[in-house]
Each structure stands twice: as C-alpha cells, then as structure tokens.
Amino acid sequence: MTHMEDSAAVLHSWEENAQAWTDAIRQQKIASRTLVTNQAIVEAVLGTRPATALDLGCGEGWLSWRLATEGIAITGTDAIASLVLAARQNSTPALAHTPEFLHMRYEELPGTLRGRLFDTVVCNFSLLDKEGVEALLAAVPGLLAPAGHLIIQTLHPNTLAQEQGHQDGWRKESWQGMGGEFRGAAPWYYRTLTSWQTLFARSGLHLQHVVEPRHPHTGEPASIIFTLTAG
C-alpha cells in the first residue's frame with residue numbers, strides 16, 4: 001500500500017466511525033481516557049499558561065470545550081466534517097471565548113491560518129499519518145507565538161513495541177476497548193521514541209520535557225506527552 005493509499009484509508013476509517021467515536025467520548029466509554037489521559041493533556045496545556053491555543057485534530061471537540069472553560073481562546077481543526085459539526089453543536093454556557101472549529105486537513109493549515117499565532121498548539125492522539133504529520137510538524141513553528149509551545153500526546157512507543165515490535169511502520173487499530181460500534185480497522189503510523197526525537201529536531205522543534213502518564217490500575221504508561229518549543 002502506498003503512502004497516499006494509507007492516508008486516504010486513515011481519513012476513510014475516521015469518516016466511517018465518526019459517530020461511534022463521538023458517542024464513545026461523550027459517554028466516557030474509553031477507560032484510559034477517563035482515568036488518565038484526558039486530565040493529563042489538560043494539565044499539560046494549562047501548564048504552558050496560554051491565552052490562545054490551537055487544537056489540531058480536535059475530533060468531536062471535547063478538549064477544545066474543556067480548555068475554553070479555563071478562559072482560553074481556542075481554535076479546533078479536523079479533517080472529518082462530521083466531527084467538526086459535532087464539535088460545533090456541543091456547548092458550554094457562560095464562556096468568555098466560544099471555541100472556533102474549522103474543517104480542514106493538516107496540509108491546509110499554513111495557508112488558512114496564515115498570520116495567526118497561538119501560544120500553545122496541541123495534538124491529542126491526532127498524529128496518525130506519516131508524511132502528512134512530518135509536513136505538519138515542519139509548519140508548526142510558523143504557527144507559534146514567541147515562547148509558544150507544542151504539546152503532543154500519543155500512544156507510548158515502548159508499550160506498543162512489546163506487542164508489535166520496535167520499528168517504524170504502518171499499524172492497524174482494531175478499535176478494541178473503545179466501547180462503541182466501530183467498523184473496520186484504522187491504519188496509523190507508529191514511530192519509535194528515537195524516531196519522534198529525530199522528527200522534532202528536523203522540524204526545528206526543541207523537546208522541553210516528557211511526561212508518561214501511568215494507568216492507576218496497572219502502573220504502565222497510558223501515553224506519552226511531549227512538550228516542545230520552536231527556534
């Protein structure tokens with residue numbers, strides 16, 4: 001399968017499963033998120049004290065709306081139109097800044113958001129492609145305000161390596177443990193920790209610190225969170 005076919009398959013799978021995903025998130029069916037990773041990413045973002053933020057791959061919008069309750073002016077983007085619609089239809093009363101949600105692919109960001117800078121850019125389990133993600137990270141320094149931060153939460157490479165081998169490559173997500181009626185298997189691109197670090201350096205991003213949120217029941221890392229700066 002070529003890169004373009006893999007990228008198209010990622011989008012197709014998420015389009016097909018958008019409603020199941022929205023239901024799973026809003027009904028709190030994914031245990032690792034409700035127990036660990038949701039709060040971990042919120043704390044990571046708030047730790048950078050942003051006035052403005054960009055939520056890349058915002059999905060159904062839970063993180064954007066949560067951060068908006070902290071007074072952050074936030075813009076969320078996603079490539080799946082039905083997820084963007086779901087995000088817009090959510091609401092939280094009495095917000096200082098209602099989130100803005102835009103339907104676009106990552107490659108459209110530099111043009112569409114030209115001239116706009118954000119204190120924090122966050123990617124919460126949303127970097128699933130290969131070349132598309134590489135192009136996105138190269139563009140992120142141009143979206144960051146001075147002293148801005150990029151925060152990435154993703155599946156922990158070492159945990160996954162125990163199951164499927166420690167080598168970069170395309171993998172399949174079976175949707176097991178999501179608690180919804182998902183269809184098919186979603187492709188995503190696995191990177192080792194070294195590969196992530198190499199990609200950051202190539203993109204002009206400097207790794208500031210790493211957090212490994214741990215599952216309270218197993219003690220194993222539930223994810224890994226990178227906080228990066230540009231320049």
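Since every read-out is calculated from the coordinates, none of them should be taken as a lab result. Note that the structure is a prediction, hence the values are computed from the model and not measured. FYI the Cβ positions are ideal-geometry reconstructions off the backbone, even for glycines, and counts take in every protein chain you see.
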### Query
What are the semi-axes of the equivalent ellipsoid of the range 170-231, taken as the square roots of 5 times the eigenvalues of the Cα gyration tensor, listed largest first and rounded to whole Å?
27, 18, 9
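Using 1/(1 + (r/R0)^6) with R0 = 30 angstrom and r between the beta carbons of R26 and L199, what's the FRET efficiency to the nearest 0.05?
0.40
Apply 1/(1 + (r/R0)^6) to the Cβ-Cβ distance of H97 and D168, taking R0 = 41 Å, and write down the FRET efficiency to the nearest 0.05.
E(calc), rounded to 0.05, equals 0.60.
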### Using θ = phi - 60° and Karplus 6.51 cos²θ - 1.76 cosθ + 1.60, couplings along the range 192-207 (whole Hz; Gly, Pro as x)
6, 4, 4, 5, 4, 5, 5, 5, 4, 4, 5, 8, x, 10, 10, 6
#### Entry: Length-normalised contact order of the chain in % [C-alpha pairs under 8 Å, at least 6 apart]
22
### Query
Is it possible to state the helix-based mean residue ellipticity at 222 nm for the chain, with each DSSP H run of 4+ residues giving -39500 (n - 2.57), the sum divided by total residues, to the nearest 500 deg cm²/dmol? What is it?
-9500 deg cm²/dmol
### Summary
Applied in sequence order to the range 181-188, the curve 6.51 cos²θ - 1.76 cosθ + 1.60 (Karplus, θ = phi - 60°) yields integer Hz couplings, x standing for Gly and Pro, of 8, 8, 10, x, 10, 8, x, 8
### Query
Stretch A185-L35 to full length: gain in nm at 0.36 nm per residue minus the Cα-Cα span?
51.5 nm
### Task
Answer rounded, prolate or oblate for the range 89-140, using the Cα gyration tensor with square roots of eigenvalues a ≥ b ≥ c: rounded when a/c is under 1.5, else prolate when a/b is larger than b/c, else oblate.
prolate
### Task
Kindly write out, for the range 210-215 in residue order, the coupling ³J(HN,Hα) from the Karplus curve 6.51 cos²θ - 1.76 cosθ + 1.60 (θ = phi - 60°), rounded to whole Hz, with x marking Gly and Pro.
10, 10, 10, x, 10, 5
